[in-house]
Structures are given as C-alpha cells and as structure tokens.
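The structure under discussion appears below in the form of structure tokens.
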Amino acid sequence: MSMVDEPLYPIAVLIDELKNDDIQLRLNSIRRLNTIARALGEERTRKELIPFLSENNDDDDEVLLAMAEELGVFIPYVGGVEYAHVLLPPLETLCTVEETCVRDKAVESLCRIGSQMRENDLVDWFIPLVKRLAAGEWFTARFSACGLFHIAYPSASEMLKTELRSIYSQLCQDDMPMVRRAAATNLGKFAATVEPAHLKTDIMSMFENLTQDDQDSVRLLAVEGCAALGKLLESQDCVTHILPVIVNFSQDKSWRVRYMVANQLYELCEAVGPEPTRTDLVPAYVRLLRDNEAEVRIAAAGKVTKFCRILDPELAVQHILPCVKELSSDSSQHVRSALASVIMGMAPVLGKDATIEQLLPIFLSLLKDEFPDVRLNIISKLDQVNQVIGIDLLSQSLLPAIVELAEDRHWRVRLAIIEYIPLLASQLGIGFFDDKLGALCMQWLQDKVYSIRDAAANNLKRLAEEFGPEWAMQHIIPQVLDMINNPHYLYRMTILHAISLLAPVMGSEITCSKLLPVVVTASKDRVPNIKFNVAKVLQSLIHIVDQSVVEKTIRPTLVELAEDPDVDVRYYANQALQSIDNVMMSS
C-alpha cells in the first residue's frame, strides 16, 4: 500500500470493525482508538474520528463503556488542552444512555477532561453542556448532570454561579427519585467548591430538602452528605445545622437510613467537637448499638473501636462498654462477628485496668462462641491485647482457650491459630512455647485437612527461623523425621514438604546428615506421588548442599527415579537432573 493511502487505512478498518456484527471486533476497535488517532494525526482525529464516534452511540453497552473510558484520556490525541472541548459532544451523548455504568464512566471522563480545560473553555463549552444535561427531558441526562457541577462551578462568573446553584437546587427536588439520589450523592463535592457565604444558605437548604425526602434511598445518601458538609462548616454551624439532622436520622423509620448513620457517626464526632458528641451523639450511638434491626447493630458494632477512640476512656467505659457486653451475646451471629473483628482494638483505647476487668471476660466468651467466624476474628487480633496487658496475663487467661481452639472442629479456625503461632512463640519465648504449644505444632502435621498440614509445615519453618537451628534440631527435626514412616502416603508427602522448607533454615551440614538420608529412603516408596515429590525436594536441595553431595547422593537417586515406570515420576526426576546440569554449567 502506498504511503499516501496509509492514513486512510486505519479509519476505514475502524469504521468496518465498528459496524461489524461481532461485538468482540467492535470492542477491540474501540480499545485501539489511541493507535488509530496517532495514525490519523490530531487534525483528522478532531474532524473525522470524534464526529464519527458522536454518531456511533446506539451500540452495545460494553462497547459504549469502553468508548467512555477511552475518551477520558484522549486530550493528547486531539491536539492538547486547547482542543479538549471537541471531546465533549460524544461524552454528552453517552451521559444520556440508559445503562448506569456507561453514564457513570462518561461523567468520570468528563470530570477528568474538565479538570484539565482552560477557564474560558470551561465557560464556553463545559458549563453549557452541564446546563443542557440538567434541563434534559430524560432523567438519565439530569442524573449525569449532578456529577459535573463541582468541575463547572469554580470557573463560572458570579451570575453563572447563582444560576448553577439554582439549577442544582431544582435537581434536589426533581420528580425522579434517581435524580434526587444523584444530587444527594454529589452534594458534598459540589458544596466543597461553593463559597462559605452560600454554603450556609443555598447548600444547607438543598441539604434540608434531601433529608426530608419521602424516599429512604434519598435520605440514606443525604446521611453521607452529613459527614462531608460537617467538615466544610465551622464547628458552631455544624452543631446548628448537621447535628439535629443526624440525631433524627438515628431514629429514622427506615433501617437502611439508621444503618448509614451507624456507619458514618464517628466521622461527625470530629466535626461537631467534644461537648455535642458527649450530649447528643453518644446517646444516638447507644441507640444504634441497641437497635432492633440486626443490620444496624452490625454496622454500629463494626465501628465501636473507632467511636471509642474519639471519646474519653471514662465515657467509653460508662456508656459504650455496657452495650458491647450485650452485643457479645447478641442473638445474631453476624453482630457478634462484627464486634469480634474490632473489639481487640478497644484494649489500647481503654487501658490496662479496664481491659483486664471489663474486656477480658468478653474476649473469653467470644473465643468460645459457637460460630467459627467469631472465634476467628478474635484470634486474628490477639496481638493488640498483648501490647496492653502483657504476655503473662494473656497466657494465663487466653492461652487455655487458644489451645482448645487448636483442635477446633472448623478447619479455618485451626488455620487461624496456626498462622498466629509464630507471633505467639516470639512473645512467649522458648520455655513457655515448648511446654504448651510444641506438641500442637506436630499434631497439625497429621491433620485431616491439606491446608492445615501445609500451614503446619510453613509454621515449623517460621519457628525454626525464630528460635534458631539448634532449637529446631532438638525439638522439631527428630519428630518430623519419625513421621516419614506414617502408613498414609498423604502424611508422608507433608513431611517431604516440611523437609524442603526446613532445609534452607537448617543449613548444609544438618541437611546432609539428617534430612537428605530420609529423602533418599523415601525415593524407594511404593506410591508414585511420594516419588515425584522426592524428585521435587531433591531439586530444591541442590542449592543448599555441596556439589560433591549432589554428585554422590542426589544425582544417582534421580537417575534411578528417571527410569521409574510412572510418567510423572520420570518427568520430575528429569527436571531435577536438568537443574543439576544447569548449576554445573553456571559454576
């Protein structure tokens, strides 16, 4: 093809592919827009490609979503910021389609382009676009408009700003709940760009309209706006305008609104200051912790530590702890689970005495909970308590419960305990660990669940790193090697895995004298799975032992395995032999 015709080729292919019946071809074509734009050059991209895309808007949602995403990063291909406005028409069309995710992506791309546009271009092109969308006949256009005001507003003149505030106020009272929801969602962003004088008047009146909406889906989004607006207002205004709304919302007839309040309440405490928090927000939070709807209690329980951090410890002990005690025996397992996931964080907040007196009994009751997730959540955060009450008290009060959980019927709970053991070991020290937990670590190697056996092998490696090779030689290696004669091949495989993990920690001498002979003996096993795992272990030992040991012991064993009747054994033996040859060549 001649050089003259070449630029025509990509656009022709694009148009063909964009009209193809195969959605994948159309998608690929959209994904390659930047390549096509580079081939066409900036001017032809502006004059041919972008108008073509503007007309091509009745496609599959997946293609439109890809187009909305690509156009957001298209400024360099149309000639830079001064020509950014040419990208607005196709995105404006995408803002009106029915599929929500396409509209959202188009709004996101418009915001990205708008934030780079020059001020006069924003006034000439972007603000008229926002006004057109806000006046759109279909709710989809008005819905999309709500997400663009915070980009348009700062560069507008005083008269235009007044008009934009008035338009947004109308959107907050739109007939369609979907539009009011979008207005509620974006109010915080818009408010952040509005001048303080108008914040107290115009924005607060919009906010009040949304908080009194008859649709709970609008009111619950207004709750999110409370925290955003609270941060923008001065403390006194926050107490006057936001606090009464939140207190009312905490008693809203819709549980979904109360759920949102429970999630957001701690953020508002910072905005209103300590005194209103004590008098108004603490009672509201206590109400939510005792709500008759489990979902609300879950949300409130999940934020209990964050809320306590904002309060004085005495207030937390006086008002919040009684509720925490009630929640620890809540009828809903999900409430108890949410509480268990955060309650350990209360220990540093309340201090040593309150933790010992008030929290420890709650921890113990949750550790014995019938629902495994509750027990799991407590175990995974034990270190936070240790920092407060010290290891002696922890070992006396909580360790018996931990040992009990090591044999829990749910394997995920046993797994969480195993993963916690190295941390516990480092805190308890060698002596205590040997007495109480050593036997458990060996017992897990023969668990019925593979994930537990695998984690137990990794646990031994981490313990050997923590306490050193001499301790491991005395307490781990002899017991591990004894298990290689277990009648069940799956347990013998676990021991091979443990050996491969321990060898790098133990060093060359112990590997050659203690570990390698056991592996070589296992190569004579009658089960093919054991034999090909032997080949894998031997391959991992090549870099640990001396070259002479590789030639004298490892290579002959692998040569023997390479002639095994089983195809997998031969494959892994040959892989290992190949590794030996590679090491020889490199050295």
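The values are calculated or read from the model by the stated rules, or taken from the named source; none is laboratory data. A quick note: this is a predicted structure, and the numbers were derived from the prediction, not measured. Backbone-built Cβ (ideal geometry, glycine too); neighbour counts: all protein chains shown. Surface areas here come from the heavy atoms of the whole protein model, side chains and all, with no ligands, DNA or RNA. Shrake-Rupley method; radii C 1.70, N 1.55, O 1.52, S 1.80 Å.
To the nearest ten degrees, helix 216-232 and the longest principal axis of the Cα atoms of the chain are 90 degrees apart. Rolling a 1.4 Å probe over the protein heavy atoms gives the stretch 39-196 an accessible area of 42 Å² per residue. At a probe radius of 1.4 angstrom, the accessible area of the stretch 518-587 per residue rounds to 53 square angstrom. Radius of gyration over Kirkwood radius for the stretch 274-417, both on Cα atoms: the Rg/Rh ratio is 0.97.
With the simple model of a label 7 Å out from the Cα in the direction of the Cβ, K231 to N120 spans 3.5 nm. The angle between the Cα long axis of helix 411-428 and the main principal axis of the chain comes to about 80°, on a 0 to 90 degree scale. Separation of the alpha carbons by more than 21 angstrom is noted, of K253/K306; K325/K368; K105/K131; K47/K131; K189/K231; K524/K552, for K253/K306; K47/K131. What shape does the stretch 187-245 take by its C-alpha gyration tensor, where a ≥ b ≥ c are the square roots of the eigenvalues and a/c under 1.5 counts as rounded, a/b above b/c as prolate, and the rest as oblate? In terms of gyration-tensor shape, prolate. All distinct Cα pairs of the stretch 118-179 go into the 1/r average, and the inverse of that average, the Kirkwood radius, is 11.6 Å.
Please report the carbon-and-sulfur percent of the accessible area for the stretch 240-284; probe 1.4 Å, protein heavy atoms only, DNA, RNA and ligands left out. Carbon plus sulfur share of accessible area: 52 percent.
About its Cα centre, the dipole of the chain is roughly 1320 debye, where the only charges are +1 on Lys and Arg Cβ and -1 on Asp and Glu Cβ.
For the stretch 151-218, a/c is not less than 1.5, where a ≥ b ≥ c are the root eigenvalues of the C-alpha gyration tensor, and a/b tops b/c. That puts it in the prolate class. With n ≥ 4 as the cut-off for DSSP H runs, can you work out [θ] at 222 nm for the chain, using -39500 (n - 2.57) per run divided by the number of residues, rounded to the nearest 500? Taken over the chain, the calculation gives -19000 deg cm²/dmol.
For the stretch 161-254, the Cβ-based charge dipole about the Cα centre amounts to some 200 debye (Lys, Arg positive; Asp, Glu negative; other atoms uncharged). Give the longest segment of the chain that steers clear of GluC sites (Glu not before Pro) in DSSP loops with at most 12 neighbouring Cβ atoms within 10 Å, not counting the sites themselves. Longest stretch, sites excluded: 371-562.
Each Lys or Arg adds one and each Asp or Glu subtracts one; over the other residues with Cβ under 9 Å from the Cβ of I580, this totals -1. When the charge dipole of the chain is built from unit charges on Cβ atoms (+1 for Lys and Arg, -1 for Asp and Glu) and taken about the Cα centre, the candidate among V286, F249, T511 whose Cα reaches farthest toward its positive end is T511. Projecting the Cα atoms of N186, Y168, P276 onto the charge dipole of the chain (Cβ charges, centred on the Cα centre) puts P276 farthest toward the positive pole. How would you classify the stretch 479-549 from its alpha-carbon gyration tensor, with a ≥ b ≥ c the square roots of the eigenvalues: rounded for a/c under 1.5, else prolate if a/b is greater than b/c, otherwise oblate? Note, shape of the stretch 479-549 comes out prolate.
Against the chain, whose longest principal axis is taken from its Cα atoms, helix 528-541 shows a tilt of about 80°. The alpha carbons of the chain occupy a box of 88, 83, 36 Å along the principal axes, longest dimension given first. Max-minus-min Cα coordinates of the stretch 315-385 on each principal axis give 29, 24, 15 Å, with the largest extent listed first.
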